[in-house]
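*Asks:* Here it is, the structure, as structure tokens.
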Amino acid sequence: MQTIDVRNQHNLYWKKIVLLIGVFVLCLSTVSQAQRTRWVQKNNPNYDDRKFTYGFLIGIHSSSYRVKYSDRFVTPAFDTVYSVDAKWSPGFALGFIVNYKLADFFDLRLTPSVAFLENKLTYRFTDETKTHEEVVETSMVEIPLLLKYKSERRGNVRMYMIGGVKPSIEVSGKKQEENVTGSLEVTGSNLSLDFGFGFDLYYPLFKFSPEIRFSKGMVDILDNKNNSLGQPLNRLSTNTITVYFLFQ
């Protein structure tokens, strides 16, 4: 049976705490700015009257696999493997923004981007001196289609919520190499459900939007369930937390 790895649990908790502190500081600073700018002259007062707006984005993310064990994991064939642990790993994304105004408080947004991801799985054995860390590096073209709901603009600040679907395709070309080396094999495509929130900050020449978005993989990306690394697993999906900086 799987045992609890206390060290990994503590590391995961600390990462979550640091992330929450960062989000809290971001929200606090934005709200503070909103209070200061609520009664000042509006920057770009007619910006939101445009049907189409464009821009670019930079994303900093942390990603991890979500593991579901196979039935074979508890059989004698795997009596030496007692856990497969997923680790959170950093990465980044670069992309463009195409925004269409549907109504006063609703936008439809397309943000094609290239994301550089690294995911890690640690295979632990009953012999505690023996472990194996599998690192899967991928470059994905992501095409999120998102619906944005905006609050009323207050001075030069507006809060919003955003959500939608994100299909993605691998472009790193490592599939053939994985088959040769017998490493963990994943599919070359993925589909995720995205949701998050952010703030539109209006400046004289542009709009800047810090945003945090959560992405949950909806499909199984485990490609080979028959090799030594795939047999203990029944399903593999993705979790990603991203902080975006959008410029329009």
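*Asks:* Between R235 and residues 5 or more places away or on another chain, which pairs have amide H atoms under 5 Å apart, with H built 1.01 Å from N, and which residues are they?
*Replies:* Residues meeting the criterion, in which the H sits 1.01 Å from N, are K68.
*Asks:* Report the trypsin sites (Lys or Arg not before Pro) located in the range 98-152 that are in a DSSP loop and have at most 13 other Cβ atoms inside 10 Å of their Cβ, or state none. Before the final figure, lay out each step's value.
*Replies:* On the way: sites: K101, R109, K120, R124, K130, K148, K150; in loops: K130.
Hits after loop and neighbour filter: K130.
*Asks:* If the chain between F78 and V135 were fully stretched, how many nm would it gain, using 0.36 nm times the residue separation less the Cα-Cα distance? Could the numbers behind the result be given before it?
*Replies:* Values: separation 57, 0.36 × 57 = 20.52 nm, distance 2.12 nm.
Extra length available between F78 and V135 comes to 18.4 nm.
*Asks:* Say each of I58 and F206 gets a label point 7 Å from the Cα, pointing the same way as Cα to Cβ; how far apart are those two points in nm?
*Replies:* About 1.0 nm separates the two model spin labels.
*Asks:* Taking 0.36 nm per residue of separation and subtracting the Cα-Cα distance, what length does fully extending M218 through S151 add?
*Replies:* Details: separation 67, 0.36 × 67 = 24.12 nm, distance 2.90 nm.
Length difference between fully extended and current span is 21.2 nm.
*Asks:* May I ask you to derive the FRET efficiency for N234 and L110 from their Cβ-Cβ distance with R0 = 30 Å, giving the value to the nearest 0.05? Walk me through the numbers before you get to the answer.
*Replies:* Details: r = 34 Å, r/R0 = 1.13.
My answer for the efficiency is 0.30.
*Asks:* Could you sort 57-68, 131-142 so that the peptide with the highest average Cβ count within 10 Å comes first and the rest follow in order? It would help to have the intermediate numbers written out before the result.
*Replies:* Values: 57-68: 17.9, 131-142: 16.0.
The peptides rank, most packed first, as 57-68, 131-142.
*Asks:* Now a separate question. Can you flag which of K148/K216; K42/K207; K166/K207; K51/K150; K120/K225 are past 20 Å Cα-Cα?
*Replies:* Numbers: K148/K216 18 Å; K42/K207 12 Å; K166/K207 24 Å; K51/K150 15 Å; K120/K225 17 Å.
Listed pairs above 20 Å: K166/K207.
Bear in mind these aren't lab numbers, they're just calculated from the coordinates by the rules spelled out. Every value quoted in this text rests on a predicted model; they were computed, and no experiment measured them. Here the Cβ is made from the backbone with ideal geometry for all residues, glycine too, and neighbour counts use every protein chain on show.
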